[in-house]
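We did not get these values from a lab; they are worked out from the coordinates using the rules stated. Just so you know, these numbers come straight off a predicted model, no measurement behind them. With ideal geometry, Cβ positions are generated from the backbone for all residues, glycine too; neighbour counts draw on all protein chains shown.
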Amino acid sequence: MSRFRMFPTPAQHGAMLEQCRHARFVWNLALEQWSMWTSDKGPTPNFGGQCRQLTAARAAFDWLRAGSQTVQQQALRDFDQALKNFHARTHRRPTWRKSGRHEGFRIVGSQASRIVKLNRKWAQVLVPKVGWVRVRLSRAIPPAGSYRITRDRTDRWHIAFAAIPPPILAPGTGEVVGVDRGITISAALSNGELLVCPGLSETEQVRLKHLQRRLARGRRGSNRRRRVRAAIAKLHGRAADRGKDWVEKTSTDLARRYDVIRVEDLRVARMTRRPKPRHDAARPDQYRPNGRRAKAKLNRGILANGWANLVTRLEQKSPGRVEKVNPAYTSQTCSVCGHCAPENRKNQAVFRCLACGHEANADVNAAVNIAAGWAVSARRETPLRASPKREPQPATSA
Ligand SMILES: [Zn+2]
């Protein structure tokens, strides 16, 4: 997907938020119908059936008819895709769309009717019921028939064109790289490079702590609290932007330089999930500590470093060239002689082999083991059946 910043006028901003509300309403209605459905009512209404229900609802309610039919229908199509992903076990259950968190909608139409280029730097997009909205051209517009418009928590609007860019060509040198992902060093490469994903600076972290304290003290619903919340969202948004930028640059760089990229086969989704509550046998209404706070901190570290994102983007940019290696013992095994013992790892940073005396950065040693990839686990990549009408979905093997 290629994404561009949108600059709506204040009036258009309000009209676009209204479209977001409609899309969210239709999605939540479809989700409610799906989750409340019982078998005695017959088969669950499919996309076509829901579209007919939408037409009936639009005839009955003025406020719904005032919105765009395209936007409302595409919300149903998105929900249909979410159900397909859920049944294919590539995604989890569709969830409720929340105001402030899920602000976005999708429109379709030929590019000729939707986009007009104004000059080298600006274009305008026709948004139904809103009008022509200005778009900043930060790159060439890819050919697409489907556009997703979103607003993030820091009030920035973006338009994404549903076009999957062609994969990056392999250099053809036959070179292999191993990537070891970690918390302090985001990615250690088998060639000795240590990459760190930038987050918030020291001063920004201090400011975030300070703002969070002010938020906790603020009166609910007050204007000051709202301003503090916006400032916190801005900081979080900045950290997320930097993380994304790092993931994109690192994945492109690796895909260009190496023929084969080997990574650990870690189930990040499982690792970052909330720990199970532990019941207390002696007191049935109480819970025992389950390490949730400790894990939450680790989760932030993992997610901030964008582990999962890095591998997903690598697989999308260099399909068939990413291999997942069994991560067992990669950090304890000597990459020179193969001696495997937990004592080899002196501490978090240093690896010293007890058998041959090889000394190296612990993460680089692990990356070399991953590059050697003795145990390349063959994870099946699910082939994608694509309808030309559907928004293209990137292939993932997760
Ligand atoms: Zn050794």
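Quick look at the numbers
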read-out	value
Cα pair distances in region 5-120, grouped into 5 Å bins until the bin that holds the longest one, percent each	2, 10, 17, 21, 20, 13, 9, 4, 2, 1, 0, 0
Full-stretch length increase - W37, A59 - with 0.36 nm per residue and alpha-carbon distance subtracted	5.5 nm
Options T70, G320, Q332, ranked by Cα towards positive dipole end of the chain, top entry (Cβ charges)	T70
Label-point gap, in nm, between N46 and E175 - each point 7 angstrom along Cα→Cβ	5.1 nm
Whole-number D in µm² s⁻¹ for the chain, Kirkwood Cα-pair radius fed into Stokes-Einstein, 10 °C, 1.306 mPa s	65 µm²/s
Extension gain, Y329 back to L215 (0.36 nm per residue minus Cα-Cα distance, nm)	36.6 nm
Fewest-first sequence of L189, L354 by Cβ atoms within 10 Å of each Cβ	L354, L189
Gained length - R207 relative to K346, 0.36 nm times residue gap less alpha-carbon distance	46.5 nm
Average projected area [Cα convex hull, region 124-254], square nanometres	12.5 nm²
Percent of Cα pairs exceeding the 12 Å cut-off, where the set is region 129-173	75 percent
Per the chain, cysteines lacking a partner by the 4.7 Å Cβ criterion	C20, C51, C197, C340
Cα centroid of region 54-81 to Cα centroid of region 161-177, whole Å	39 Å
Coil-residue trypsin sites (Lys or Arg not before Pro) of region 1-104, DSSP, other Cβ within 10 Å capped at 12	R89, R92, K98, R101
Efficiency of FRET between Q81 and A282 - r from beta-carbon atoms, R0 41 angstrom, step 0.05	0.30
